[in-house]
Amino acid sequence: MHLENPAIHPERTLLTIRGVTHSYREGDRLRPVLRGIDGEIGEGRFVALLGQSGSGKSTLLNLIAGLDMADSGSIIVQTFELNRLREPERTLFRRRHIGFVHQFFNLLPTLTVLENVALPGELNGFSADESRHRAVMLLDEVGLGDRHDSYPDSLSGGEQQRVALARALVHDPLLILADEPTGNLDSATGRHILDLLDHTVRRRGKTLLVATHSREVAERADAVWELCDGKLMF
Ligand SMILES: Nc1ncnc2c1ncn2[C@@H]1O[C@H](COP(=O)(O)OP(=O)(O)OP(=O)(O)O)[C@@H](O)[C@H]1O
Ligand SMILES: [Mg+2]
């Protein structure tokens, strides 16, 4: 792999997962989904997370983002040990350090495209001008420079996906978690988004974990993790 950002050290671990388990409760029954996950990702690396539908990919991404808590085990992102953070600290951690591209976008319907993308910048203390400037650049990169004033519900699924990606990058997060970022896109647009993700990792030195069913995404990654029966296979 060719790393273009000399400040990045792939030998330095950015994400460490140890013995993570997670079950969902349905009535009085527990449904185990993750049964002891171990893994590490070095700074500036791109890892693809594969697994059948229902294998727990979104569940694992949600735990790494601090959106949900593991039942046991530990998840450490840089110096942040998530199970030691309380809820408000986890929220701050997520807001500052994670860029999350949700499987179902989660754009705010009452904000325009430009406002949606600029918001994480403003929440992280960038000035309104700086946040807007970054948002404009990213929207150009994802090919939506002419849709600043549109509202999310007037966009196609693929366009919303691209807005969600721009929004995940605007505050320059440590770790980008993307849940099926090319799942709603035609193959040419999917390839463009994949190029953009790849570029983000290589040039800007970001670390990326992508849940995907796409072999093409997996082929571009530095490593592939496969979830099977609640465990990671390498
Ligand atoms: N909130 C919840 N309550 C109960 N069960 C849940 C909940 N969320 C997920 N599950 C179950 O946990 C399992 C893993 O779900 P998850 O969404 O992590 O799978 P996935 O690998 O992301 O699948 P897909 O490829 O379809 O997105 C599934 O069996 C799902 O039904
Ligand atoms: Mg999923």
| Could you say which residue among Arg96, Arg84 is within 22 Å of Leu14 (Cβ to Cβ), in contact (Cβ under 8 Å) with a residue 40 or more places away in the chain and away from ligand 1 (no atom under 16 Å from the Cβ)? | Arg96
| query | List the pairs whose first member sits in segment 207-231 and is away from ligand 2 (no atom under 16 Å from the Cβ), whose second member is assigned to a helix (DSSP H, G or I) and among the small types (Gly, Ala, Ser), and whose Cβ atoms are under 7 Å apart, counting only residues at least 6 apart or on separate chains? | reply | Val224/Ala218
| message | So for segment 69-76 (the condition being among the β-branched types (Val, Ile, Thr), within 16 Å of the chain's Cα centre (by Cα) and away from ligand 2 (no atom under 11 Å from the Cβ)), does at least one residue qualify? | response | yes
| remark: Those residues of segment 57-73 which are away from ligand 1 (no atom under 13 Å from the Cβ), of a type outside the set (S, T, N, Q) and not in a loop (DSSP other than H, G, I, E, B) amount to Gly73
| Which residue, of Ile76, Ile37, is within 15 Å of ligand 1 (Cβ to nearest atom) and in contact with a helix residue (DSSP H, G or I) (Cβ under 8 Å, 6 or more places away or on another chain)? | Ile37
| note | Over segment 135-153, the set of residues in contact (Cβ under 8 Å) with a residue 24 or more places away in the chain, surrounded by 12 or more Cβ atoms within 10 Å (Cβ to Cβ), outside any helix (DSSP H, G or I) and not aliphatic (A, V, I, L, M) is Gly143, Arg147, His148, Ser150, Tyr151
| task | Using the structure shown, decide if Ile41 is part of a strand (DSSP E or B), closer than 24 Å to Leu197 by Cβ and within 16 Å of ligand 2 (Cβ to nearest atom). | result | no
| query | Only one of Thr21, Thr16, Thr59 is within 16 Å of ligand 2 (Cβ to nearest atom), modelled with pLDDT of 95 or more and surrounded by 14 or more Cβ atoms within 10 Å (Cβ to Cβ); which? | reply | Thr59
| message | I'm checking my understanding of the structure. Among residues of segment 194-223 that are surrounded by fewer than 17 Cβ atoms within 10 Å (Cβ to Cβ) and within 16 Å of ligand 1 (Cβ to nearest atom), which one is nearest to Leu50 (Cα to Cα)? | response | His213
| note | Taking segment 170-187 and the residues there that are touching a Leu at 6+ places or on another chain (Cβ under 8 Å) and within 18 Å of Ile41 (Cβ to Cβ), the one that is nearest to ligand 1 (Cβ to nearest atom) would be Asp179
| said: When the residues of segment 79-134 are narrowed to those that are in a loop (DSSP other than H, G, I, E, B) and hydroxyl-bearing (Ser, Thr, Tyr), which ends up nearest to ligand 2 (Cβ to nearest atom)? | reply: Thr110
| query | Is it true that some residue in segment 142-163 is in contact with a Gly (Cβ under 8 Å, 6 or more places away or on another chain) and more than 16 Å from ligand 1 (Cβ to nearest atom)? | reply | yes
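The values are calculated or read from the model by the stated rules, or taken from the named source; none is laboratory data. Just so it is clear, the model here is predicted, and its values are computed rather than measured. Don't worry about glycine lacking a Cβ; one is built from the backbone with ideal geometry, like all the others, and counts go over all protein chains shown.
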